[in-house]
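What follows draws every value from the coordinates through simple rules; no lab data is involved. Keep in mind it's a predicted model, so treat the numbers as computed, not measured. Cβ placement follows ideal geometry from the backbone for every residue including glycine, while neighbour counts extend to all protein chains displayed.
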Amino acid sequence: MDCKMALVKDFEVGLVTDFTGEQIANITQRLLLALEEYDVSKKCTDLVPYDSVNERILKQYCACLFVDGKSEKTIYQYKRTCIRLAEAVQKDFTDIGVYDIRFFLASEKSRGVSDRSAENMRANLSAFFQWMTKEDIIAKNPCLNIKPIKYADVVRKPFSSVEIDALRGACKTKKERAIVEVLLSTGIRVSELAEMKIGDIDRSQLSVHVLHGKGDKERMTYITHVALKHLTAYWNERAENGDYVFYNNAHKPLCAGGIRHILNNIGKRAGVDNVHPHRFRRTFASGLATRGMDVQDIKTLLGHSNIDTTMEYVYTSAEKAKASYCKYVA
């Protein structure tokens with residue numbers, strides 16, 4: 001990568017905290033046009049040392065992911081994998097080869113990392129080195145010759161009707177019941193619930209405007225009369241007059257971790273295992289599919305970009321599959 005492009009990439013990094021991805025893209029485009037008339041060279045000085053090679057490359061990569069609309073959580077996962085690789089092999093990213101990556105993945109598996117997690121790491125590293133290739137930082141992606149790691153698919157079941165009744169019965173407060181009902185009726189992510197404000201809910205249309213979806217993608221989903229009733233009951237009794245839908249006991253907006261903690265406690269009281277926000281989302285999707293909703297519409301409500309992701313959320317029991325077979329074949 002020449003000095004001019006290196007300057008632009010470093011410039012982008014400095015914009016990340018103050019500008020949106022679209023604004024950064026527009027500013028970068030104008031800077032590139034302005035630099036067409038100039039020759040750019042790197043100033044060498046021993047008084048102002050540069051960051052390490054790996055740190056500079058990671059800053060550039062994370063800035064690009066941000067501009068592309070990736071969520072903070074996704075960027076963190078990519079960055080974390082890259083850092084673990086560099087620490088394991090003790091090399092600059094530009095010097096890492098295929099055997100270094102194989103060694104890293106093997107060492108991760110030897111310390112107990114699951115095949116699925118190892119495959120996620122491989123995919124993260126492949127994307128990172130592919131980006132380095134496109135940016136002319138390296139000549140070839142060292143992950144090209146590393147095959148995907150096979151792993152056994154774990155069936156992630158939604159809540160059964162009996163489990164849902166148990167969870168509802170285990171709620172001790174109006175807030176707990178409202179959280180359960182909102183998750184069951186909207187299928188939103190826990191981060192979206194934490195960011196949701198009262199003004200995002202149209203009570204007359206029973207619709208919810210999700211403003212803080214994954215990758216900052218907006219969408220519309222819907223809420224049932226039952227969920228809205230329990231929400232209203234919670235709002236009428238709470239002390240806070242703020243804009244957020246849920247608040248914690250310290251009178252601050254309830255965060256994602258707080259929601260997980262509440263659901264975990266409800267699950268323990270109900271005697272239901274694996275009670276976490278994403279299982280409510282899976283229950284929402286599977287319930288709609290069971291009642292005959294088109295998978296494309298489910299995809300829209302969940303806010304997925306890829307229908308394959310949606311299909312992973314839809315659970316079909318053996319009994320339902322047999323009933324469908326008898327309906328259409330017998």
Q | Backbone HN-Hα couplings from phi across region 286-300 [Karplus 6.51/-1.76/1.60, Hz, Gly and Pro as x] | A | 5, x, 5, 5, 4, 8, x, 5, 4, 5, 5, 6, 4, 4, 5
Q.
So if I take the centroid of the Cα atoms in region 50-104 and the same for region 248-298, what is the distance between those two points in Å?
A. 33
Q | Equivalent ellipsoid dimensions for region 245-311 as semi-axes, Å, which come from the Cα gyration tensor, largest first | A | 28, 16, 9
Q.
Within a 10 angstrom radius of the beta carbon, how do Lys175, Lys109, Lys147, Lys140 rank from fewest other beta carbons to most?
A. Lys147, Lys140, Lys109, Lys175
**Q.** FRET efficiency, Ala88 to Ala139 (Cβ-Cβ, R0 35 Å, nearest 0.05)
**A.** 0.95
Q: Grab the beta carbon distance between His278 and Leu33, set R0 = 51 Å, and tell me the FRET efficiency rounded to 0.05.
A: 0.70
**Q.** Quarter of the Cα convex hull surface for region 161-321, i.e. its orientation-mean projected area (nm²)
**A.** 9.6
